[in-house]
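**Q** Take this structure, written in structure tokens, and hold onto it; I'll ask about it next.
The values are calculated or read from the model by the stated rules, or taken from the named source; none is laboratory data. Since we're looking at a predicted model, the values are computed, not measured. Backbone-built Cβ (ideal geometry, glycine too); neighbour counts: all protein chains shown.
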């Protein structure tokens, strides 16, 4: 593959998965849109730098999520960014637009209380990743991921019940 073909394939893959990259970046900031754009650019640069290591053994979305997640974690460590589970960009994908705005806000707040590792697993599950793909990204077995998702859902139910009381 020529350099130009490689670039074209990469740009095509990034365009196809742009929303996923933005969602992962949004998990790590509650600040302005320009910061989200900066994080997105950092993620795309990291993806390009590691593009040669993508072996096509897994789906591109799994690889993209993994690289983007590790890039955000490294940025957090370096800059000590405040984290927030979901930004306004993610809420739209969690619920229908016809949903109650208060319920959306409650869900966002509940997810924001989860530790980062649980947030990552839950968000990937909500995005439609299967348990094997999630396990591959976070380094856990299929069974462990299944157990953690069940526990996270129970935890969120308790948190949401507390909000409603």
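**Q** Please indicate, with yes or no, whether at least one residue in the stretch 54-77 is more than 14 Å from the chain's Cα centre (by Cα), surrounded by fewer than 18 Cβ atoms within 10 Å (Cβ to Cβ), more than 30 Å from residue 3 (Cα to Cα) and modelled with pLDDT of 70 or more.
**A** Yes, the stretch 54-77 has at least one match.
**Q** I'd like the residue in the stretch 24-48 that is within 11 Å of residue 64 (Cβ to Cβ) and within 15 Å of the chain's Cα centre (by Cα) and, out of all such residues, is surrounded by the most Cβ atoms within 10 Å (Cβ to Cβ). First the steps, then the outcome.
**A** Quick first cut of the stretch 24-48, residues within 11 Å of residue 64 (Cβ to Cβ) only: 24, 43-44, 46-47.
So of that shortlist, the ones also within 15 Å of the chain's Cα centre (by Cα) come out as 24, 43-44, 47.
Values: 24: 26, 43: 24, 44: 20, 47: 21.
So, considering only residues that are within 11 Å of residue 64 (Cβ to Cβ) and within 15 Å of the chain's Cα centre (by Cα), the one surrounded by the most Cβ atoms within 10 Å (Cβ to Cβ) is 24.
**Q** I'd like the residue in the stretch 78-88 that is loosely packed, with under 11 Cβ neighbours inside 10 Å and at negative phi and, out of all such residues, is modelled with the lowest pLDDT. Full working, then the answer.
**A** Going through the stretch 78-88, the residues loosely packed, with under 11 Cβ neighbours inside 10 Å turn out to be 78-80, 82.
Narrowing the set further to residues that are at negative phi leaves 78-79, 82.
On the way: 78: 70, 79: 63, 82: 38.
Ranking the qualifying residues of the stretch 78-88, first place goes to 82.
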